[in-house]
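Data block below; observations after.
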Amino acid sequence: MTTAANGAGPAGHAPAPDGGYGWVVVVAYSLNTIVVLQLIGVFGLIFKDLFATLAMPATDIALILNLNMSFSLLLGIFTNALMRKFGYRQTGAAGAVLAAFGMVLTALSSSSPAFLFNFGIVMAAVPVVLETPSVHENEDDPMVDKEFVLTALPVLKPLEEGDAEVGGLGMRQRTPSTTSTYYTARCPSSNSIWASSNVLDMGSSVITLDDTILEEVAATPLHAEMALKAVKSEAGEDGRRGAARRCCAFIVDLFDLSLLSSPSTLNLMLGVSVASFAEMNFTVFVPFILADRGLDTASIANAMSVIAMANTVFRLLAPLAQALLGWSSKNMYILSLLVVVAGRTVLVVVDSDSGVMVVALVLGASKGLRTVFYHMIIPDSVPPDRLAAAVGLQAVLNGIIFLASGPVLGYIRDTSRNYDVVILVLNGITLLSIAMWGVEYLVQVVRHTRKKQCS
């Protein structure tokens, strides 16, 4: 079969998405977003009556929701490896099957432990692959990287005569010895016990002893064994310390943790995670907050629809707003946070259905702006070649904060018996992220001023 020019695929067919199954993939992705990814947003609307019947405390509800969000974020670090190993289609299909299975189990759940496992874990899991497919099974999938291998820690092998260690892993280059070799160290000559002892085999490393030291040790045979044991013990400790350093270096390199060595980048990521924690928890608590105000299910659904529509419209208007204001993505994100704080504060005092709808419109607009610029802050702040690592670290940081702090919000609701307190706490958390960036900005201004004065 001939192939059209410019990568258009088979002759006579347009390139994706107009050709092949391009639009089928787009529709499937849209359905996945509507059915799976949006489920957490309407989770409270669907199960609030069941939770009330079960008398489930807010602490358990918060734990279920935050476990789902954090578990999916923490497992995200393995997504790239799975897609490179098995391909996008296989990984996506396995994830879809697992999500469908989790939804069925969630619908049948009737207790806190069942919801914790079915919705908090199964619904949020990167599928566990039980059997590695062969290359032949995936040879027709262009998305599979057939040369990709999940690398392990480097293994140091004993040096042969004349070899030099390459890669800077802490082992020194060894020059050839005239008296013995690694082989004679393992298989000593019967002529002399010292003929092969200037090389000590430590399993994962080799130590070459100076001939003068050996002569001195040989001159005092009563202490020879003790001396060699001392040398081996010291070498063993050095080897363990070297292995620990290599392990740490491997982890730092694998996840590009050197990004966190920059105070500015670390502060940026922490601020984004803190703000995301407040936003996501407010989103999942909205049905419970409105139900606590006495709204029925239909009114809650209408309010959430207003939020969704405003969210969609202002996502489209976000680039235009940024162009008109001429602000950076970070400043636009801060503006959206200030708007959402104002909207939540008004929600505390409003008590009419029409007032709730107006607040829902404001919250949806701020959410649309925030969603757009949330995905632009990190790319604007790190080099392109380190973007993937930065996004992965951001996801892991979000997952840790969600899992550690989520149940605290439920506990606050249970002790205060009021969601207004929860809203105020979430506002404080959002303002904390703004304050973190504000302090950094002031420090930079002071440093710039001092530098300018000195020059």
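The table below gives the values:
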{"item": "Given (1) more than 23 Å from Leu63 (Cα to Cα); (2) open to solvent by less than 60 Å² (accessible area, probe 1.4 Å); (3) within 31 Å of the chain's Cα centre (by Cα), index of the condition Leu316 fails", "result": "(2)"}
{"item": "Only one of Ser354, Ser366, Ser433, Ser405 that is surrounded by fewer than 20 Cβ atoms within 10 Å (Cβ to Cβ), in a helix (DSSP H, G or I), small (Gly, Ala, Ser) and in contact (Cβ under 8 Å) with a residue 24 or more places away in the chain", "result": "Ser405"}
{"item": "Restricting the range 408-430 to residues that are of a type in the set (D, E, K, R) and in contact (Cβ under 8 Å) with a residue 24 or more places away in the chain, the residue that is farthest from Val350 (Cα to Cα)", "result": "Asp414"}
{"item": "Counted residues, the range 41-71 - those being of a type in the set (Val, Ile, Thr), in contact with a Phe, Trp or Tyr (Cβ under 7 Å, 6 or more places away or on another chain) and closer than 19 Å to Met123 by Cα", "result": "2"}
{"item": "Residue check for Val359: open to solvent by less than 60 Å² (accessible area, probe 1.4 Å), assigned to a helix (DSSP H, G or I) and farther than 17 Å from Trp437 by Cβ", "result": "yes"}
{"item": "Set Ala8, Ala93, Ala62, Ala58: member being open to solvent by less than 50 Å² (accessible area, probe 1.4 Å) and either β-branched (Val, Ile, Thr) or at pLDDT below 85 (or both)", "result": "Ala8"}
{"item": "Only listed residue being farther than 27 Å from Ala58 by Cβ, part of a helix (DSSP H, G or I) and either open to solvent by less than 60 Å² (accessible area, probe 1.4 Å) or among the acidic types (Asp, Glu) (or both), chosen from Asp385, Asp414, Asp380", "result": "Asp385"}
{"item": "Thr345 vs. criteria open to solvent by 10 Å² or more (accessible area, probe 1.4 Å), among the polar types (S, T, N, Q) and either modelled with pLDDT under 90 or out of contact with any Leu (no Cβ under 9 Å at 6 or more places or on another chain) (or both)", "result": "no"}
{"item": "Test for Ile300: is it β-branched (Val, Ile, Thr) and more than 30 Å from the chain's Cα centre (by Cα)", "result": "yes"}
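The values are calculated or read from the model by the stated rules, or taken from the named source; none is laboratory data. Treat the numbers as computed from the prediction; the structure is a model and nothing was measured. Virtual Cβ from ideal backbone geometry, glycine too; neighbours counted across all protein chains shown. For accessibility, only protein heavy atoms count, side chains too; no ligands or nucleic acids. Shrake-Rupley method; radii C 1.70, N 1.55, O 1.52, S 1.80 Å.
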